[in-house]
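Okay, structure first, notes after.
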Amino acid sequence: MAWVLKMDEVIESGLVHDFDASLSGIGQELGAGAYSMSDVLALPIFKQEDSSLPLDGETKHPPFQYVMCAATSPAVKLHDETLTYLNQGQSYEIRMLDNRKMGDMPEITGKLVKSIIRVVFHDRRLQYTEHQQLEGWKWNRPGDRLLDLDIPMSVGIIDTRTNPSQLNAVEFLWDPAKRTSAFIQVHCISTEFTPRKHGGEKGVPFRIQVDTFKQNENGEYTDHLHSASCQIKVFKPKGADRKQKTDREKMEKRTAHEKEKYQPSYDTTILTECSPWPDTPTAYVNSSPSTAPAFTSPQQGTCSVPDSNSSSPNHQGDGVSQASIEQLQPSATIQETQQWLLKNRFSSYTRLFSNFSGADLLKLTKEDLVQICGAADGIRLYNSLKSRSVRPRLTIYVCQEQPSSPPLQGQQPAGGGGDSGGGTPYVYHAIYLEEMVASEVARKLALVFNIPFHQINQVYRQGPTGIHILVSDQMVQNFQDESCFLFFTVKAENGDGIHIVLK
């Protein structure tokens, strides 16, 4: 028994000796001044744990992400923004991705949002003169746009719209819950905005920016949700591929140490978050698809839709305001010329013609206007300046008989021919029909002769032996151009309203 106890003491003393030796070894290795808490916290395991902790100033999780399917340049340094090369006119996909976490922004769940895609200048200097730069580009490229949507290739976009006064922007609605891809085409190239063009100039960079909005309480898409953008340069067709290849070859020639200072080339470009573009968003109203867009840009004036009861623009005696079709006079001042442009729906060109008087504008030829405004608006402006109205499909001449009480059947007009019973010649009014339908005849008669339209029950034509034939659409389509008619009115059989009889 004593032997066993002695063995236990030997083992215990040996363990204590080994433990003391290990402690003394640690002290010898570290030394008194080598120990530092900051060195311990700098170990990778502590860094990893620290990065996982939420920070007070941590950025909010973005609700959307936009990815452009175009490779980034490999010749961009590590801490610089990515740069992507695009070919002029080529379609590039921008994937619109819903990046919300569970429960984020429930107010847009199951609803559409609106996105505006713009191509804008990257340089602040050019941003300040953007309007002048774009007007100069428009002058050199009449009828073209800086940015277009390739609608046949796009997926999930709804109600695409473009504003004629904003050639660098397109907009559309989309459902975040569904797959959405917008294919864009950039038609301007970076070297078009360089000050000197002798060949070999460095083109200016652009930005592709996407701004997304939700509906407000009035149904307009004006509440900002998210914005993101990326830097691009645009080359002539196939020029972007050559530039990408050149950058790749340059990087391959660099040493491994130099390559570490540059970003790798990624197959896609992720748009990074940014501030919304400082422009009033187009007001989409939640209404019928046929409703025209109500642009609220200061360059875009409002225009009224003509009332359905308005007569032909050729008719001057119907009491309808002719302000929208009045001819611009050579004596018109600059202010009067601006008002004329607004009244005739050329509000997007008021700034371009801000120093033109009536005489200046009238001196421009058709070719000049087409070059300045593009083919569609140039021809329309030329026709408006020359007061060229749309030719009516049918013209008829109508005269109302002198007040009398003719029976519904068979009585000839007093005096017959071209004179009334008192020897006064009948005065005919021209009726211009843009639509070959019976309702158009009744509407124009009511307008010209001041008859309440809602009181007209039927329009008849007096036939052989005094019979009355209902005027139908087919009958109107068989009227001869410039036919002459007398007409009188009779009370309807039920006493409610009147009938009109042509003869």
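The values are calculated or read from the model by the stated rules, or taken from the named source; none is laboratory data. A quick note: this is a predicted structure, and the numbers were derived from the prediction, not measured. When we count neighbours, we look across all protein chains shown, and the Cβ atoms used for this are built from the backbone with ideal geometry, even at glycine. For the accessible areas, the whole protein counts, side chains as well, though only heavy atoms, and no ligand, DNA or RNA atoms are used. Shrake-Rupley method; radii C 1.70, N 1.55, O 1.52, S 1.80 Å.
What to note about this one:
- Long-range neighbours under 6 Å by Cβ, at least six apart or interchain, first residue without any contact (Cβ under 8 Å) to a residue 60 or more places away in the chain within region 447-458, second open to solvent by 40 Å² or more (accessible area, probe 1.4 Å) and not in a helix (DSSP H, G or I): Phe449/Gln400
- Candidate set from region 219-251 (those that are in a helix (DSSP H, G or I) and of a type in the set (D, E, K, R)); member that is least open to solvent (accessible area, probe 1.4 Å): Asp247
- Restricting region 153-177 to residues that are at pLDDT 90 or above and assigned to a loop (DSSP other than H, G, I, E, B), the residue that is surrounded by the most Cβ atoms within 10 Å (Cβ to Cβ): Pro176
- When Arg118, Arg100 are checked against the criterion of being part of a loop (DSSP other than H, G, I, E, B), within 23 Å of Leu225 (Cβ to Cβ) and not aromatic (Phe, Trp, Tyr), Arg100 stands alone in meeting it.
- The one condition from (1) closer than 15 Å to Glu171 by Cα; (2) open to solvent by 40 Å² or more (accessible area, probe 1.4 Å) that Asn140 does not meet is (1).
- Per-region count, region 350-390, residues free of Cβ contacts under 8 Å to residues at least 40 places away in the same chain and open to solvent by less than 10 Å² (accessible area, probe 1.4 Å): 5
- A count restricted to region 216-261 and to residues that are under 30 Å from Ile108 (Cα atoms) and either aromatic (Phe, Trp, Tyr) or touching a helix residue (DSSP H, G or I) at 6+ places or on another chain (Cβ under 7 Å) (or both) stands at 1.
- Per this entry, Leu126 is counted among residues that are over 30 Å from Glu367 (Cα atoms) and either outside the structural domain of Phe206 (by the TED database) or surrounded by 13 or more Cβ atoms within 10 Å (Cβ to Cβ) (or both).
- Taking the numbered list (1) modelled with pLDDT under 90; (2) hydrophobic (A, V, I, L, M, F, W, C); (3) open to solvent by 40 Å² or more (accessible area, probe 1.4 Å) in turn, Val76 passes all entries but (3).
- Any hit, region 328-349, residues being crowded, with 16+ Cβ neighbours inside 10 Å, closer than 30 Å to Phe453 by Cβ, out of contact with any helix residue (DSSP H, G or I) (no Cβ under 7 Å at 6 or more places or on another chain) and at pLDDT 50 or above: yes
- Those residues of region 121-152 which are closer than 14 Å to Gln185 by Cα and either in a strand (DSSP E or B) or touching a residue at least 40 places away in the same chain (Cβ under 8 Å) (or both), in sequence order: Asp144, Arg145, Leu146, Leu147, Asp148, Leu149, Asp150
- Taking region 486-503 as the range and being under 15 Å from Ile456 (Cβ atoms) and in contact with a Phe, Trp or Tyr (Cβ under 8 Å, 6 or more places away or on another chain) as the test, the residues that pass are His499, Ile500, Val501, Leu502.
- Comparison of Gln462, Gln455 shows that the only residue that is open to solvent by less than 40 Å² (accessible area, probe 1.4 Å) and of a type in the set (S, T, N, Q) is Gln462.
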